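The values are calculated or read from the model by the stated rules, or taken from the named source; none is laboratory data. Small disclaimer: the values here were computed from a predicted structure and weren't measured. Please note: Cβ atoms are built from the backbone with ideal geometry, for glycine as well, and neighbour counts cover all protein chains shown.
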Amino acid sequence: MKSRTGRGLLSSALAAISLVAISTVTPASAGSLKDGPTPPPSPFEWSVNFGVTSDYVFRGYSQSAGAPVAQGGVDLTYKLFYAGVWASGIDFGTGSGTSTEIDLYAGIKPNYGPVTFDFGVIYYIYPGANDAGAELDYVELKAGASTTIDKFSFGGTAFYSPEYTGEVGAAWTLERTAGYELPSYYGITPSLSATVGTTLFDATGLDDCVYWNAGIAFAAGKVALDLRYWDTDVDSAVCSAKVFGCDERFVATVKVALP
């Protein structure tokens with residue numbers, strides 16, 4: 001679930017590349033532009049994204065049983081504040097009762113010099129899930145920081161859930177990310193990125209997990225193609241016996257951002 005996808009000590013940060021186009025909305029109260037000087041842009045912004053992935057992998061674990069699914073979301077920002085909703089198809093096996101994951105999130109992104117901080121909360125929802133006694137829905141708190149130096153980007157994010165999915169107790173996830181933007185070529189901008197994450201459980205009897213991915217994304221206007229390799233430190237025999245496969249895999253994702 002984004003974990004789950006995929007969805008102690010410290011853990012996880014989101015590694016898939018998300019390219020979003022944002023439009024500025026001018027309030028009706030500003031009046032017509034022909035009647036005076038152009039009003040300052042509104043601090044309110046919004047964006048919509050949708051796409052298809054060959055395998056929904058969250059923190060190293062497939063959330064779609066290795067099958068393609070559609071995904072999409074809406075983001076709203078107002079100065080430092082942001083909020084949004086994101087959804088994806090999932091496959092947790094026969095009898096799970098659910099085929100959709102919905103994530104609700106909100107937070108603030110203040111800047112200090114060249115560093116952007118991210119403090120927020122995420123609520124993962126699995127509508128209709130047959131999870132009596134082991135609730136799949138859960139909440140995570142998030143704290144992260146990132147910076148860009150020339151064409152290089154670096155970041156780290158810690159996630160904490162007081163009651164992780166399946167009611168297994170508290171869990172931490174710590175993620176480290178790095179990226180590099182390559183020169184554009186005929187309107188296409190490629191970029192390299194990689195993520196290493198660790199999920200740690202407070203409860204005994206649960207195995208901690210290290211996961212990683214590396215890939216390249218190609219952005220052209222409002223469309224982005226991401227090609228990524230995923231793997232974990234979980235034994236391949238253990239992974240193959242689970243609905244949430246966690247062995248090495250290649251994932252292709254196409255995303256469109258609007259407006």
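Results for (1) under 19 Å from F81 (Cα atoms); (2) outside any strand (DSSP E or B); (3) out of contact with any Ser or Thr (no Cβ under 9 Å at 6 or more places or on another chain); (4) modelled with pLDDT under 95, shown as yes or no for each residue.
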residue: G107; (1), (2), (3), (4): yes, no, yes, no
residue: T116; (1), (2), (3), (4): yes, no, no, no
residue: G120; (1), (2), (3), (4): yes, no, yes, no
residue: P127; (1), (2), (3), (4): no, yes, no, no
residue: A132; (1), (2), (3), (4): no, yes, yes, yes
residue: A143; (1), (2), (3), (4): yes, no, no, no
residue: T147; (1), (2), (3), (4): yes, no, no, no
residue: F159; (1), (2), (3), (4): yes, no, no, no
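Scan the stretch 224-237 and tell me whether some residue there is hydrophobic (A, V, I, L, M, F, W, C), touching a Lys or Arg at 6+ places or on another chain (Cβ under 6 Å) and closer than 16 Å to G66 by Cα.
Yes.
Count, please, the residues in the stretch 171-229 that happen to be part of a loop (DSSP other than H, G, I, E, B) and aromatic (F, W, Y).
1
Is it the case that the stretch 6-13 has a residue that's at pLDDT 50 or above and not in a strand (DSSP E or B)?
no
For (1) surrounded by 19 or more Cβ atoms within 10 Å (Cβ to Cβ); (2) modelled with pLDDT under 95; (3) under 14 Å from the mean Cα position of the chain (by Cα), each residue gets a yes or a no:
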| position | (1), (2), (3) |
| --- | --- |
| A15 | yes, yes, yes |
| V20 | no, yes, yes |
| S23 | no, yes, no |
| N49 | yes, no, yes |
| L104 | no, no, yes |
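Filter the stretch 161-170 for residues that are part of a loop (DSSP other than H, G, I, E, B) and under 18 Å from the mean Cα position of the chain (by Cα); which is farthest from V251 (Cα to Cα)?
So, considering only residues that are part of a loop (DSSP other than H, G, I, E, B) and under 18 Å from the mean Cα position of the chain (by Cα), the one farthest from V251 (Cα to Cα) is Y164.
I'd like the residue in the stretch 80-96 that is under 16 Å from G166 (Cβ atoms) and modelled with pLDDT under 95 and, out of all such residues, is surrounded by the fewest Cβ atoms within 10 Å (Cβ to Cβ).
Per the criteria, the residue is G95.
So how many residues does the stretch 119-133 have that are hydrophobic (A, V, I, L, M, F, W, C) and more than 27 Å from K109 (Cβ to Cβ)? Can you show your working first?
First, the residues of the stretch 119-133 that are hydrophobic (A, V, I, L, M, F, W, C): 119, 121-122, 125, 129, 132.
Checking which are more than 27 Å from K109 (Cβ to Cβ) leaves us with 129, 132.
Qualifying residue count for the region: 2.
For the stretch 154-203, which residues satisfy the criterion of being of a type in the set (G, A, S) and under 20 Å from W230 (Cβ atoms)?
Hits for the stretch 154-203 are G155, G156, A171, A178, G179, S191, S193, A194, G197.
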